């Protein structure tokens, strides 16, 4: 099956498989059946086999899955061994947290530039990278050719910025703002992260589910 034929629901389950397999590997488990993995993850064995078969299948009948090998294969599918050139826009509290905690070895991305319009924080260092003023963004992109942008700024500043970034060759966005990049630029890839939506969802569930108090 070609990559572009794999459903987004399968793709979104791959990082979860990767995390579980990492935990198994770290605990010395070298072999697991689809049934046992399903029990641990709250899925069905047929779902797991279907997902893995989208990429050729990795198990052996009567043996199950080799945990270190499967972990490595899924990591390769997720491109964690790549170093996609990435820039981050917005070095406030959220941007600083994202840059500090989520980029590193085996993330698949290499953070090469951080930008903000606040003169007071320009020049600060985050993970060894200087915060540059957003005025320097265009020349930086021309010189360094980043592929992905992480957006951690308010939505009201987004239209002009995203128009510029797409023009400069950015092909994918990790978007923490509420601005609809995909609507304005359907030609690029966008993964939206709406933290407030997640919080409201758990708020609804907390208040409508019969939880023992």
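No value in this document is a laboratory result; all are computed from the given coordinates. None of these values were measured; they are calculated from a predicted model. Here the Cβ is made from the backbone with ideal geometry for all residues, glycine too, and neighbour counts use every protein chain on show.
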Problem set entry | Contour minus Cα-Cα distance for residue 133 and residue 208 (0.36 nm per residue) | 22.4 nm
Seminar exercise, completed: Taking r as the C-beta separation of residue 145 and residue 118 and R0 as 25 Å, the FRET efficiency to the nearest 0.05 is 0.45
Problem set entry | Stretchable slack from residue 8 to residue 171, in nm (0.36 nm times residue separation minus alpha-carbon distance) | 56.9 nm
Exercise. Taking the DSSP beta bridges in segment 84-197 as the whole, what percent of them are antiparallel, to the nearest 5?
Worked result: 10 percent
Seminar exercise, completed: Two pseudo-spin positions, 7 Å from Cα along C-beta at residue 155 and at residue 110, lie apart in nanometres by 3.5 nm
Problem set entry | Computed [θ] at 222 nm, helices only, for the chain once each DSSP H run of length n ≥ 4 contributes -39500 (n - 2.57) | -13000 deg cm²/dmol
Exercise. Expressed as an acute angle from 0 to 90° and rounded to the nearest 10, what is the orientation of the C-alpha long axis of helix 67-77 relative to the principal long axis of the chain?
Worked result: 40 degrees
For this session: Determine the gain in length on full extension of the stretch residue 50-residue 30; use 0.36 nm per residue of separation and subtract their C-alpha separation, reporting nm with one decimal.
Result: 5.1 nm
For this session: Pop a pseudo-label 7 angstrom from the Cα along the beta-carbon direction at both residue 193 and residue 178 and give the gap in nm to one decimal.
Result: 1.9 nm
For this session: Order the peptides 48-57, 66-75, 184-193 from the highest to the lowest mean number of other Cβ atoms within 10 Å of their residues.
Result: 66-75, 48-57, 184-193
Exercise. Which distance in nm do the two modelled labels at residue 80 and residue 93 give, with both placed 7 Å along the Cα-to-Cβ direction?
Worked result: 3.0 nm
